[in-house]
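*Asks:* Pasting a structure below so you can have a look.
Values quoted throughout were computed directly from the atomic coordinates according to the rules given, and no laboratory measurement underlies them. Given the structure is predicted, the values throughout are model-derived calculations rather than measurements. All Cβ positions, even for glycine, are placed from backbone atoms using ideal geometry, and neighbour counts span all protein chains on display.
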Amino acid sequence: MKRLLFLVALIGFVTPAPVGAGENGSKILQNRCAKCHDLTGPAPQTIRKLWERDAPDLFYAGNKFRREWLVEWLQKPVRVRPAGVNYLRTINSAPVRDAEEKDKNYDVLYGAVLRPLKHLSLKPAEAEATADALMDLKAHSDLVAGMQLDRNKKVDLDRGEVLFDKVYGCLSCHQIEPGFGGYTGSELYTAGRRLQPAFMLSYIKRPKNWDPKIWMPNGNVKPDDLQKIVNYLILLSKEDFNAAN
Ligand code: HEC
Ligand code: HEC
């Protein structure tokens, strides 16, 4: 019996751990990510719970992110939400000083409150394995099932921006260039690189299906405009925003 145990232990010892296998990634998720991120769902069902959330939900990551972006970001994380996950802690409405400034009154940062994002970063092999494990988290597949990007509904940047800024007012919460736009939501000039088209279509159509208490309104975006906006966001994310700095 003892010998058998020894043999079992020996086999366990010499069997090489699968490199980059999904199992590896799930272990990383459980051990290093679950203390901040919700990996199982559901999303906060009350406003109190929403305000207690300090990190984005990842339980539907496989239906949300583009894998290439995950692999890159996990090695070099940078801020996605200009005011953090909990914008009420860091931003306020801009004071309207006179009539001329009236249409400029979108949100401003309190300034020093928000520090640069401190997020653990992974080594290349860990990032690959963790991205695989994240891509396996497939909650809400029903919400993306019927969503298909229509590439015939392309718009140029100017027409896309008119829809985004003027027709639907998305600019009041989202930035379409570093430093230009609202602070309440995530930056969207990188959305086309970060997010799957089907996710964007579904989220913009009805954000509360994903996150019942989120501040983004169910905007009643017309089906045609929904397609145009997502095509616009994909086009926008191909711009080189570093070139201007
Ligand atoms: C100390 C808390 C904390 C830990 C631990 C942590 N994260 Fe995060 N993570 C955050 C915060 C806060 C953000 C939001 C950054 C932003 O939006 O600017 C974030 C953002 C992300 C994003 C982008 C999500 C999105 O919706 O934009 C991914 C992906 C991510 N984390 C994955 C991971 C993985 C994988 C691990 C474990 C290896 C991990 N995080 C560990 C706090 C944490
Ligand atoms: C009142 C503020 C507000 C308005 C107006 C608004 N959004 Fe949002 N949006 C948000 C918030 C908050 C989120 C969730 C960000 C997060 O996951 O932390 C969000 C998320 C998104 C996402 C998913 C982004 C991501 O990184 O996961 C997309 C795409 C998006 N919005 C597009 C739009 C479009 C297009 C419009 C106009 C039709 C719009 N939003 C109007 C606040 C807003």
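*Asks:* Set the Förster radius R0 to 22 Å, insert the Cβ-Cβ distance between residue 67 and residue 238 as r into 1/(1 + (r/R0)^6), and round the FRET efficiency to 0.05.
*Replies:* Efficiency, rounded to the nearest 0.05: 0.75.
*Asks:* Between residue 153 and residue 32, with labels modelled 7 Å along Cα→Cβ, what's the label distance in nm to one decimal, could you check?
*Replies:* The modelled label-to-label distance comes out at 4.0 nm.
*Asks:* Add +1 for every Lys or Arg and -1 for every Asp or Glu among the other residues with Cβ under 9 Å from the Cβ of residue 231, and state the total. Let's see the in-between values first.
*Replies:* Details: positive: 151, 153, 154, 228; negative: 150.
My count for the surroundings of residue 231 gives +3.
*Asks:* Turning to a different aspect of this structure: Going by amide H atoms built from the backbone, whose H comes under 5 Å of the H on residue 155, apart from near neighbours?
*Replies:* The answer is 232.
*Asks:* For the pair residue 40 and residue 55, how long in nm is the line joining their label points, each one 7 Å along Cα→Cβ?
*Replies:* 1.6
*Asks:* What residues have an amide H closer than 5 Å to that of residue 65, excluding those fewer than 5 places away on the same chain, when H is modeled at 1.01 Å from N in the peptide plane?
*Replies:* 196
*Asks:* Step through the residues of the stretch 145-158 one at a time and calculate ³J(HN,Hα) from phi using the Karplus curve (6.51 cos²θ - 1.76 cosθ + 1.60, θ = phi - 60°), rounding each to whole Hz and writing x for Gly and Pro.
*Replies:* Running phi through 6.51 cos²θ - 1.76 cosθ + 1.60 with θ = phi - 60° gives 3, x, 8, 10, 6, 9, 6, 6, 8, 6, 10, 7, 4, 5 Hz.
*Asks:* Hey, can you rank 227-235, 55-63 by average C-beta count inside 10 Å, highest first?
*Replies:* Numbers: 227-235: 22.4, 55-63: 19.8.
Packing proxy ranking, top to bottom: 227-235, 55-63.
*Asks:* Debye sum, Cα scatterers, the stretch 112-245, no solvent: what log₁₀ I/I(0) at q = 0.09, 0.14, 0.21 1/Å?
*Replies:* Taking Cα atoms of the stretch 112-245 as identical point scatterers yields -0.31, -0.75, -1.39.
*Asks:* Determine the distance separating the Cα centre of the stretch 52-69 from the Cα centre of the stretch 170-245; give it in Å without decimals.
*Replies:* When both Cα centres are located, 15 Å separates them.
*Asks:* Each residue of the stretch 183-199 in order: what ³J(HN,Hα) in whole Hz does its phi give by Karplus 6.51 cos²θ - 1.76 cosθ + 1.60, θ = phi - 60°, with x for Gly and Pro?
*Replies:* Running phi through 6.51 cos²θ - 1.76 cosθ + 1.60 with θ = phi - 60° gives 10, 6, x, 6, 5, 10, 6, 10, 4, x, 8, 7, 10, 6, x, 5, 5 Hz.
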